[in-house]
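Visitor: Please see the structure below; I have some questions.
Bear in mind that the values in this text are calculations on the coordinates, not laboratory data. Since this is a predicted model, take the numbers as computed values, not measurements. Don't worry about glycine lacking a Cβ; one is built from the backbone with ideal geometry, like all the others, and counts go over all protein chains shown.
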Amino acid sequence: MTARVLVTGASGFIGRALVDELSLAGHRVRAAMRQPADVFRREIEVVAVSDLTRPVEWRFLLKDIDTVVHLAGIAHADGGISEEAYDRVNRLATAELASAARVANIRRLIFISSIRAQCGPASDHPLTEKDPPQPTDAYGRSKLAAEEAVRACNVPFTILRPVLVYGPGVKGNLARLIDLVQSPWPLPFGSFRNRRSLLSRKNLIAAIRLTLESPAAVGEIFNVADPAPLSLAEIIKTLRMGAGRSPRLIPFPPALIAAALNAMKRSDVWERLGGELIADPAKLLSRGWQPPVETRAGLAAMMQASSAR
């Protein structure tokens, strides 16, 4: 079944790939972005949307639309963004969109939240949708508040909570890890056995397409992660091998790195580096999600694309 889909945040790392895939699948797509550019195929309607720090005229953007995929927002950052800014863009703008979607009788609002709405940068057990949300920073709190606003608006919704998404062109923490991996030096992570869930961009898009087309996904929340988490050592090894290089991992005691980072008051870095974070996607898999990319192959392909630039 084809749909008329509004994608917000269409110029972003996930949005551009999603818009193309939805259009190729036969959906009529309206791509909303702050600075419209000629980056999409002719069949895709590109529209301007104001900065979400200010009220948006959602009624215009929702005209003749039956489904919304809401990606736009402030991504997680290590610092420099106030709690008020996260709240305005991630919670209030989402609440305003959900209210407008209800008035416009939108058939489905798919909100791309984050696993950080459920937890901090590490968890002592595999996360499922049944775990009570316990975000630990302003970004996670704003995403959880946005989820609550969507649920309260009486619009048919599906909420997806992706873990860290990877793919060609990725930015943020993974881009910094790629820079580290591309260095010529041995790295002291050979003894890191902590596992982290990752998510291929292609697998996330497959999840969005499934929930968009499945009536059974209405009113549901899904954690989204590649089925097999990897240890930090395995992630770095895979990236280096994807670049055609030897792993060069030294078995250095993780406790010494943790002590050094804690002494520098960077325990947050240690939690991301040495902590474990596994999100269980069993619920989504039980609904028919078939992730097309295996994690090691996806990471290697990302690294090959990065090395080719």
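Visitor: Which loop GluC sites (Glu not before Pro) in the stretch 202-258, with loop taken from DSSP, have no more than 12 other Cβ atoms within 10 angstrom of their Cβ?
Guide: The qualifying sites: there are none.
Visitor: Pick from 149, 259, 138: which is most flexible by mean-square fluctuation in a GNM of the chain where alpha carbon atoms under 10 Å apart are linked?
Guide: Sorting by GNM fluctuation, first place goes to 259.
Visitor: Here's something else I'd like to know. Using a Förster distance of 45 angstrom, determine the FRET efficiency expected from the C-beta separation of residue 102 and residue 173, and round it to 0.05.
Guide: Calculated value: 0.80.
Visitor: Quick check: the angle from helix 15-24's long axis to the longest principal axis of the chain, C-alpha only, nearest 10 degrees?
Guide: That works out to roughly 60 degrees.
Visitor: Label residue 48 and residue 125 with points 7 Å out from Cα along Cα→Cβ: what is the distance between them in nm?
Guide: 5.1 nm
Visitor: For the chain, take the longest principal axis of its alpha carbons; what is the angle in degrees between that and the long axis of helix 201-213, to the nearest 10 within 0 to 90?
Guide: That helix lies at roughly 30 degrees to the long axis.
Visitor: Another question, if that's okay. Measuring from a point 7 Å past the Cα of residue 136 along Cα-to-C-beta, which residues in the stretch 79-94 have an amide N at less than 19 Å?
Guide: Inside the label zone: 79-81, 83.
Visitor: Taking the simple approach of a point 7 Å from Cα along Cα-to-Cβ for both residue 213 and residue 294, what is their distance in nm?
Guide: 2.4 nm
Visitor: If you only keep lysine pairs separated by 8 or more in sequence, or across chains, how many in the chain come under 29 Å at the Cα atoms?
Guide: 16
Visitor: With a cap of 16 neighbouring Cβ atoms within 10 Å, and only residues DSSP puts in a loop, list the GluC sites (Glu not before Pro) found in the stretch 1-104.
Guide: 43, 57
Visitor: Something else about it: Per the helix-only calculation at 222 nm, which mean residue ellipticity applies to the chain, given -39500 (n - 2.57) for every DSSP H run of n ≥ 4 and division by its residues, nearest 500 deg cm²/dmol?
Guide: Result for the chain: -11000 deg cm²/dmol, rounded to the nearest 500.
Visitor: If you don't mind, another one. Quote to one decimal, in nm, the extra length available between residue 185 and residue 41 on full extension: 0.36 nm per residue of separation minus the C-alpha distance between them.
Guide: Working it through step by step, the gained length comes to 47.6 nm.
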